[in-house]
Amino acid sequence: MVHARTTTRSAIDVSGCAAAGPLQEKMGTPRGVLLAARALVVTAVLAMAAAAAAEYVRPPPGRIILTEHAEPAAHPQQVHVSAVGAKHMRVSWVTDDKRTQSVVEYGRASRNYTATATGEHTSYRYFLYSSGKIHHVKIGPLEPGTVYYYRCGMAGKEFSLRTPPAALPIELALVGDLGQTEWTASTLAHAGEKDYDMLLVPGDLAYADAQQPLWDSFGRFVQRHASRRPWMVTQGNHEVEAAPLPPAPGVPPPFAAYGARWPAPHEESGSPSNLYYSFDAAGGAVHVVMLGSYAPFGAGSDQYRWLARDLAGVDRRATPWLVALLHAPWYNTNAAHQGEGEAMREAMERLLFEARVDVVFAGHVHAYERFTRVYNNEANPCGPVYITIGDGGNREGLAFDFEKNHKLAPLSVTREASFGHGRLRVVNATTAHWAWHRNDDADSVVRDEVWLESLAANSACRQEGDRAAAGSWNDEL
């Protein structure tokens with residue numbers, strides 16, 4: 001059962017947004033800055049004209065923020081942390097000094113480090129670009145819900161992180177299609193105003209699009225947030241960065257930067273690829289599946305076989321909540337990226353439905369949309385709630401054109417083209433609260449919220465393989 005309250009309109013009447021394309025010039029050059037400025041001005045004019053008739057004047061894309069590293073070459077930059085199993089965290093950072101050790105000192109008191117961990121390092125080349133030394137160190141075992149202070153590479157400033165709780169409740173912040181603009185900064189600031197335990201990203205991080213220095217800038221841009229709470233991410237189309245050349249020595253493979261900079265705990269979940277994995281949160285009360293929209297997903301693929309094994313291994317008596325993330329949405333009434341997730345839906349939706357996945361989050365479409373519980377294009381009380389949250393603040397701007405006569409429109413409960421973030425608070429084994437916060441200039445305003453009941457607690461959905469008939473069921477109860 002889903003109990004909802006929304007203060008948005010069920011459909012958006014504005015349309016027509018020309019998104020700014022990738023900037024081909026190096027951003028630091030005068031010509032690159034001029035082209036960026038012109039693109040943003042044109043997009044701003046079109047976006048403001050499209051929003052004139054709406055109840056809320058939606059903002060144009062924000063200026064790209066290029067974040068420099070002004071500290072010594074041996075000092076850490078681009079620091080971020082991620083969860084690895086129940087009691088460990090991975091600390092990742094970059095140094096320009098290739099001699100810096102991959103070592104993390106940490107402890108529960110500031111400047112009093114009682115443990116040291118040594119990890120590994122890597123680097124990559126992308127044609128003429130050569131990355132710094134990329135460090136990854138797993139620390140632990142750590143106590144849950146505890147603040148740890150740490151230092152990377154035995155140099156530079158001290159950071160702190162807090163480990164997630166070992167039991168419910170847990171609060172998960174969600175934001176997709178981030179980029180590194182003024183609106184991204186606003187979104188992350190709003191998300192940080194209220195505490196959360198983990199941040200989940202359904203793809204599209206830096207929007208580097210082969211301009212590798214933008215990966216470095218992004219890492220510095222998000223460091224203040226990503227160094228304090230675990231960020232769990234999956235890939236989007238902007239992470240692919242496939243070179244327009246046939247495979248050959250010196251030609252970078254797809255996902256070269258993403259794989260080197262943002263490793264996932266895929267081995268811990270039995271996944272053969274960094275592009276899809278799963279992890280447990282809150283002591284196993286929540287199981288999160290991170291799927292790869294840009295990895296093979298057909299019935300004979302490694303990802304499909306892994307997903308089937310992963311979901312089959314979840315005991316819903318011990319794990320009452322199942323959450324999935326992917327990039328290209330399976331349900332979407334926006335004209336942007338229409339149908340791009342359909343092939344993956346046809347291949348994998350049955351697996352998620354039969355496992356009684358509670359919520360599926362997606363990005364890609366630069367807007368917010370929440371569907372009722374759905375399976376196979378029909379309302380179904382035992383299907384997941386599908387939510388698109390690709391509105392983090394990227395440089396391409398918002399996707400305004402929702403199709404009011406789309407065949408899925410009756411299943412779409414709330415949709416709005418605005419920047420913002422979401423929060424899923426899993427309260428206990430049966431109840432969770434979802435809220436979408438829109439960026440209203442300096443304020444973060446709740447514009448959509450819904451109480452969710454775990455499908456594991458729904459007696460009509462407990463039986464394996466149960467196919468609840470679609471009917472007049474409506475989530476506005």
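Taken as a whole, the structure leaves His121 outside the set of residues that are part of a strand (DSSP E or B), without any contact (Cβ under 8 Å) to a residue 60 or more places away in the chain, open to solvent by less than 40 Å² (accessible area, probe 1.4 Å) and of a type outside the set (Val, Ile, Thr).
With the condition kept exactly as written, say whether any residue in segment 285-299 is within 16 Å of Ser82 (Cα to Cα), part of a helix (DSSP H, G or I) and in contact (Cβ under 8 Å) with a residue 60 or more places away in the chain. No.
Screening the candidates Leu351, Leu322, Leu326 for the property of being of a type in the set (A, V, I, L, M), within 30 Å of Pro410 (Cα to Cα), modelled with pLDDT of 95 or more and over 21 Å from the mean Cα position of the chain (by Cα) yields one hit, Leu351. When Thr388 is tested against (1) modelled with pLDDT under 95; (2) out of contact with any helix residue (DSSP H, G or I) (no Cβ under 8 Å at 6 or more places or on another chain); (3) open to solvent by less than 10 Å² (accessible area, probe 1.4 Å), only condition (1) is not met.
Based on this model, can you work out whether Leu275 counts as touching a strand residue (DSSP E or B) at 6+ places or on another chain (Cβ under 6 Å), among the aliphatic types (A, V, I, L, M), in contact (Cβ under 8 Å) with a residue 40 or more places away in the chain and crowded, with 24+ Cβ neighbours inside 10 Å? First the steps, then the outcome.
Numbers: touching a strand residue (DSSP E or B) at 6+ places or on another chain (Cβ under 6 Å): no; among the aliphatic types (A, V, I, L, M): yes; in contact (Cβ under 8 Å) with a residue 40 or more places away in the chain: yes; crowded, with 24+ Cβ neighbours inside 10 Å: yes.
Taking the combined requirement at face value, the residue does not satisfy it.
One residue stands out in segment 192-211 among those that are open to solvent by less than 10 Å² (accessible area, probe 1.4 Å), out of contact with any Ser or Thr (no Cβ under 8 Å at 6 or more places or on another chain) and not in a loop (DSSP other than H, G, I, E, B): the one that is nearest to Pro254 (Cα to Cα), namely Leu200.
Looking at Asn334, Asn380 in this structure, which one is closer than 29 Å to Phe218 by Cβ and either in contact with a helix residue (DSSP H, G or I) (Cβ under 8 Å, 6 or more places away or on another chain) or in contact (Cβ under 8 Å) with a residue 40 or more places away in the chain (or both)? If you could, list the steps in order and put the result at the bottom.
Numbers: Asn380 fails: closer than 29 Å to Phe218 by Cβ.
Every option except Asn334 fails the conditions.
Condition check for Tyr149 on (1) assigned to a strand (DSSP E or B); (2) touching a Gly at 6+ places or on another chain (Cβ under 7 Å); (3) buried (at least 22 other Cβ atoms within 10 Å of the Cβ): one failure, at (3).
Answer yes if at least one residue in segment 170-180 is surrounded by 15 or more Cβ atoms within 10 Å (Cβ to Cβ) and farther than 25 Å from Gly236 by Cα, and no otherwise.
Keep residues of segment 170-180 that are surrounded by 15 or more Cβ atoms within 10 Å (Cβ to Cβ), which gives 170-180.
Still in the running and farther than 25 Å from Gly236 by Cα: 170.
Within segment 170-180, one or more residues are surrounded by 15 or more Cβ atoms within 10 Å (Cβ to Cβ) and farther than 25 Å from Gly236 by Cα.
The values are calculated or read from the model by the stated rules, or taken from the named source; none is laboratory data. These figures come from a predicted structure and were not determined experimentally. Neighbour counts are summed over all protein chains in view; Cβ atoms, including those assigned to glycine, are modelled from backbone coordinates with ideal geometry. Just so you know, the surface numbers come from the protein's heavy atoms only, side chains and all, with ligands and any DNA or RNA stripped out. Shrake-Rupley method; radii C 1.70, N 1.55, O 1.52, S 1.80 Å.
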